[in-house]
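These notes concern the structure reproduced below.
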Amino acid sequence: MYKQFFGLTRNPFVISPDPFFYHPTPRHNEALANLHYGVGRRKGFIVITGEVGTGKTLLVRCLLSELRKNNIAFGYVFNPLLPVVEFFQYIMADLGLPYAGRTKAEMLLDLNRYLIQRHARGLITALVVDEAQALRTELLEEIRLLTNLETSQQKLLQIVLLGQPELDALLDSPGLRQLKQRVALRCQLQPLDEPQTRAYIQSRLERAGAPPDPPVFSGESLEKIYEYSRGIPRIVNTLCENSLVNAFAREQRPVSGDIVSEVAADFRLTT
């Protein structure tokens, strides 16, 4: 709707996590490097946490894209609110293994054979669990036991847990100390600071084809976006997207600080 008005070739602030728009902040690069290194070097257990909207699911999409490119088989669980047996069925289905009518013990035997066969061929297998803060203690214990699938030198299954800060609190609880001790790499995403927020917005605009001049957002509007979003990328996207729509409706360029404030008020955001 507003693309032609602002000289864009695609929508720069879509809410869905598109790896095309990945912006390499130092913290996100560190998290992605941990994921690539941890899985590629068979470290076994990796944990990434961050507040809602800081980009965890986008990291997952980037990771899964790399896993496919490198012939790494993976199970991806994005809804961890599953009973134990259904959780294993989900993993087996993603890995292309039979699961219908099998007990948990039978599925574990099949999974272990599959992992050993892949390891013998020099291939890596991973399990990625998003929204892992919602995992029940019972299921976390089952995941811990999966780390026992190993040779004398390496883990057969690389496990990645991504979740909100509640996952950190969960792992730090006394009842899960055995699981915490098995975590090889751990990283926490943080909101962007103001320069990073500006760079993030500019990066997405450039990838969407925005010409360098005239600017899409005024300096004041960029300040307002940071103040209202507090550096949370998802909120930045929401403010930018709706501000572009409002500015287009008024045929106003660049987007002004007043427009951003109006959008923030609509979404009940305060500074």
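Data table
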{"read-out": "Failed item in (1) open to solvent by less than 60 Å² (accessible area, probe 1.4 Å); (2) modelled with pLDDT of 90 or more; (3) in contact with a Leu (Cβ under 8 Å, 6 or more places away or on another chain), with SER65 passing the rest", "value": "(3)"}
{"read-out": "Check on ARG253, touching a helix residue (DSSP H, G or I) at 6+ places or on another chain (Cβ under 7 Å) and in a loop (DSSP other than H, G, I, E, B)", "value": "yes"}
{"read-out": "Identity of the residue in segment 214-265, out of contact with any Phe, Trp or Tyr (no Cβ under 9 Å at 6 or more places or on another chain) and of a type in the set (Val, Ile, Thr), that ends up least open to solvent (accessible area, probe 1.4 Å)", "value": "ILE259"}
{"read-out": "Unmet requirement for GLU194, which otherwise passes all of (1) out of contact with any helix residue (DSSP H, G or I) (no Cβ under 6 Å at 6 or more places or on another chain); (2) more than 30 Å from GLY38 (Cβ to Cβ); (3) among the acidic types (Asp, Glu)", "value": "(1)"}
{"read-out": "Search result, residues across segment 34-52 that are open to solvent by 10 Å² or more (accessible area, probe 1.4 Å), small (Gly, Ala, Ser) and within 13 Å of the chain's Cα centre (by Cα)", "value": "none"}
{"read-out": "Criterion (among the hydrophobic types (A, V, I, L, M, F, W, C), open to solvent by less than 50 Å² (accessible area, probe 1.4 Å), over 30 Å from PRO254 (Cβ atoms) and over 22 Å from the mean Cα position of the chain (by Cα)) met by exactly one of LEU140, LEU123", "value": "LEU123"}
{"read-out": "Only listed residue being within 26 Å of the chain's Cα centre (by Cα), open to solvent by 40 Å² or more (accessible area, probe 1.4 Å) and modelled with pLDDT of 95 or more, chosen from ARG268, ARG177, ARG204, ARG186", "value": "ARG268"}
{"read-out": "Residue in segment 188-209 that is within 23 Å of PRO80 (Cβ to Cβ), touching a Ser or Thr at 6+ places or on another chain (Cβ under 9 Å) and not hydrophobic (A, V, I, L, M, F, W, C) present", "value": "yes"}
{"read-out": "Hey, PRO12 in a loop (DSSP other than H, G, I, E, B) and without any contact (Cβ under 8 Å) to a residue 24 or more places away in the chain or not", "value": "no"}
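To keep it simple, each residue is scored yes or no on (1) within 29 Å of LEU58 (Cα to Cα); (2) at pLDDT 95 or above.
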position	(1), (2)
VAL85	yes, no
ILE116	no, no
LEU127	yes, yes
ARG136	yes, no
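The values are calculated or read from the model by the stated rules, or taken from the named source; none is laboratory data. Only a predicted model underlies this, so the values are computations on that prediction, with no experimental measurement involved. Please note: Cβ atoms are built from the backbone with ideal geometry, for glycine as well, and neighbour counts cover all protein chains shown. Note: accessible area is taken over every heavy atom of the protein model, side chains too, but ligands, DNA and RNA are not part of it. Shrake-Rupley method; radii C 1.70, N 1.55, O 1.52, S 1.80 Å.
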